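The values are calculated or read from the model by the stated rules, or taken from the named source; none is laboratory data. All figures in this text were calculated on a predicted structure; none of them were measured in a lab. A quick note on method: Cβ atoms are made from the backbone with ideal geometry, for glycine too, and the neighbour counts reach across all protein chains shown. The area values use the complete protein model at the heavy-atom level, side chains included, leaving out ligands, DNA and RNA. Shrake-Rupley method; radii C 1.70, N 1.55, O 1.52, S 1.80 Å.
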Amino acid sequence: MNWLSQILGGPDISAQDRYIDDWLKGMEVGITTATGIRVTPDIALQSPGIAANVQVQSEDLAKVPLDLKKRTDNGFEPAVDHPLYALLKYGPSPWLSPYRWRKAMQHGAMAQGNSYSRVWRTEIGQMDRISPIQQGRCGVRWASDGEPFFDVSSSTGIERGLTWQDVIHIAYRDSNDGAENGGVIGVSPIMQNKETVALMIAAEKFAAMFFANGAQPSMILEYDKQLPNDDVAKRIRAGIERVYGGIDNKWKVAILELGMKMREISFDPAKTQLTETRKLGAEIACMMYRTPPHKIGILDKATFSNIEQQSIDYVTGPISAQARSVESAITIACLTPAERAIYKVEHNLEGLMRGDILSRYRAYAIGRQWGWLSVNKVLERENENSIGPEGDEYLVPLNMVPAGEDPTKDDPAKRDGADASSDWQPSDVRYAVPRFSSFNPNKLNGHKPPRRMATLVGARGEPLYLN
């Protein structure tokens, strides 16, 4: 059976004679590694570090808004008149929510390297619904000019030759190394780092087996004579394992025969650095997927000052890259070349970059002060209702004027006499010697001193008074 084990990626069967059916384990398809452990995406997801990275990124990207927008004279606005808008906002299919669909698509792309969704259209070519394709059921072929064609298998048969307008193909770490004629296919980080992933799996298995034996090291049965045959040896070993194997069998009494003696092998868990090895595996998984360690619960080197910056780098790095990959895949499959000049698919990642409430309010105050945020815009970002049309007004600082204008010059319309009487200027006042130069407040008998009238005349000839 050695040749079968080598082909299928399993370790030598002769070294696995602990169980009678060990050879069945070699029938699983996988990629062999130096540890003798087969690595597949499903097996790798049993590692906590890899599973946490895939989960946190797929959830973060699925929970942000994904909208279809239409180009206007003032920028872009929601394209509510296009069928794709409702599919992205309310659900790709009547039975599937947009969050679950987008999360499953991203999860499959990060674990398997590729994920596919079927685009269903009506008889007139209008989009009707979108449904995910199960992993392993979609194959890709490329024509001589690089155009992709998809073959999708199902319980009813194989649907061959679907075009790029029928299938949404999301590829992770796009590469053309595994494709032909210039095609692009996704690459799974698990397969790229199979030896590292195998080490993570081996560490988890070792820890599980160690505690399954009651955290006790292996035992040796000593016998100064030769056993009659191999059947006796297997029977004695099976009896000891039946008594001591498993955490629930701890402290049971073993009955030895033929004058055998039991001796434990000394074992120091600290020397194996089991805890450090498992922790290092989780940190390496973060390197594989470019995830900050604090996102999966590793807070050893995290501080209040650097977590916010790491979160921003996380959004501007791996999350934004995956967002662009999803946007381009949906755009290619769901929009015609003519529609791409009018519509765009876009994620709103601002929710992932929101700081604490004090930082947000300071940013809103700056935007409101400098005239590019209104009250309703601020309320919209905070998911609050607007206050009406008066909330759409924008404020501009008084000391800000358009470039090229001189605020010290008069308005030409007013200078030409359009409404000169309505604006009072200091130059319009004519000064003269006051009529009352002095007075004695002691002679007022408690009354308020009179106002001194000066010969000051306003713009319309009215007298001005001095208090």
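Of the residues screened, Met200 is one that is open to solvent by less than 70 Å² (accessible area, probe 1.4 Å) and at pLDDT 70 or above. If you go through the range 144-184 and keep only what is open to solvent by 30 Å² or more (accessible area, probe 1.4 Å) and of a type in the set (A, V, I, L, M), you end up with Ile158, Val184.
Per the conditions (1) open to solvent by 60 Å² or more (accessible area, probe 1.4 Å); (2) in contact with a helix residue (DSSP H, G or I) (Cβ under 6 Å, 6 or more places away or on another chain), the sole criterion not satisfied by Tyr364 is (1). When Ala329 is tested against the conditions (1) touching a His at 6+ places or on another chain (Cβ under 9 Å); (2) open to solvent by 70 Å² or more (accessible area, probe 1.4 Å), the lone failure is (2). Within the range 358-378, residues that are in contact (Cβ under 8 Å) with a residue 24 or more places away in the chain reach partners that are polar (S, T, N, Q) with beta carbons closer than 8 Å, at six or more positions or on different chains, in the pairs Arg368/Ser374. Number of residues in the range 42-51 that are surrounded by fewer than 20 Cβ atoms within 10 Å (Cβ to Cβ) and assigned to a helix (DSSP H, G or I): the value is 4.
In the range 61-99, how many residues are under 21 Å from Lys295 (Cα atoms) and either buried (at least 16 other Cβ atoms within 10 Å of the Cβ) or modelled with pLDDT of 95 or more (or both)?
4
Write out, first by first residue and then by second, each pair whose Cβ atoms fall under 8 Å of each other, whose residues are 6+ apart or on separate chains, and whose first residue, in the range 383-409, is farther than 14 Å from Leu373 by Cβ and open to solvent by less than 90 Å² (accessible area, probe 1.4 Å) while the second is assigned to a loop (DSSP other than H, G, I, E, B) and at pLDDT below 85. Qualifying pairs under 8 Å: Val401/Pro407. The sole residue among Asp60, Asp67 that is touching a Pro at 6+ places or on another chain (Cβ under 8 Å) and either touching a residue at least 24 places away in the same chain (Cβ under 8 Å) or part of a helix (DSSP H, G or I) (or both) is Asp67. The single condition among (1) modelled with pLDDT under 95; (2) surrounded by 13 or more Cβ atoms within 10 Å (Cβ to Cβ); (3) more than 16 Å from Ser188 (Cβ to Cβ); (4) among the polar types (S, T, N, Q) that Gln135 does not satisfy is (3).
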